[in-house]
Amino acid sequence: MLPDKLEKLVLVILAAVFIGLAGAAFWQQWSTSQRLRAVRAIALTAQGSGDSPAGAAADSAASAPAAPVADSLYVHVAGAVVHPGVYGLRAGARVINAIEAAGGPAPDAMLDALNLAVLLRDGDKVYVPTKKEAAWQCGPPAVPAVGGSGNSGSPAAGHVVNINTATVGELDTLPGIGPSLAGRIVAYRNEHGPFADVKDLVKVSGIGEARLQDLLPYVTVR
C-alpha cells in the first residue's frame, strides 16, 4: 500500500509543478502582449495628434505671416544706411526710427546733416548723406538762420540761396521750408543731380506752384 500512495503523491506534486510552470509562462506572455499594445497605442496617439486638423491648424497658424500693423506708414530710406529700402513704421515715427528700421547708419553716414526728430508721413523719403556728400555741401551759410529748428521768416535782404549747393540748414531759412522739406530737396538733388531751373523745385514732394512762387525771390541756381 505504501508504494502506491507514494506514487500518487509524486504524481500530484509533478502535476502541480507543471500547472505552476504553465501558468507562469502564460502570465509572462500575456504581460508582454499588454505592454506591446500600450506602446502601440501611445505611438498611434502621438502620430494622430500631429496629423489631426487641430495640429495642422496650429502649424499653419505658426507659419502664417504677421498681420500688418494698424495705422502704419511706409517710407523710403536711402543713402548711407545698412539696408536701404521701403519700410513700414507705426504712425508717429520719426526720421531716427526710419534709419533704425533700415539697419542703422552706415559707417560713413553724416547724421548731423538731418533732423532726426522730424515726424514722418506716409510716402516720405529719408536720404542719409555720407560724410563726403556733407562736406561737399558744407560752407559758410549764405544767410543767417532765423528762429529755431523751423523757420517762418525769409533770408536777409539782398541774399539768395543757391539750391544746388545749399545745405539742409540753409534751405531751412527759406519761407515755408522746414527741416523735413529741406531734407527732401537735398535728397532729390543727390538722386537726380543739380537743378537746371529753380522751377524744378515743384518736382520735390511737398512743393507746389503756390509755394514755388513764394520761394522764387529767394532762390537761384548756378
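Residue pairs whose Cβ atoms lie under 6 Å apart, sitting 6 or more positions apart in sequence or on different chains, and linking a residue in the range 209-222 that is assigned by TED's automatic domain parsing to the domain that holds Asp197 to a partner that is in a helix (DSSP H, G or I), are Leu212/Leu201; Leu212/Val202; Val219/Val198; Val221/Val198. For the range 166-175, what are the residues that are surrounded by 20 or more Cβ atoms within 10 Å (Cβ to Cβ) and either charged (D, E, K, R) or not in a helix (DSSP H, G or I) (or both)? Ala166, Glu170, Asp172, Thr173, Leu174, listed by residue number.
Among the residues of the range 176-217, what is the count of those that are part of a loop (DSSP other than H, G, I, E, B) and aliphatic (A, V, I, L, M)?
Going through the range 176-217, the residues part of a loop (DSSP other than H, G, I, E, B) turn out to be 176-178, 193-197, 204-208.
Then keep just the ones that are aliphatic (A, V, I, L, M); that gives 177, 196, 204, 207.
The total comes to 4.
The values are calculated or read from the model by the stated rules, or taken from the named source; none is laboratory data. Worth saying up front: this structure is predicted, and the values here are computed from it rather than measured. Positions of Cβ are backbone-derived with ideal geometry, glycine not excepted, and every protein chain shown enters the neighbour counts.
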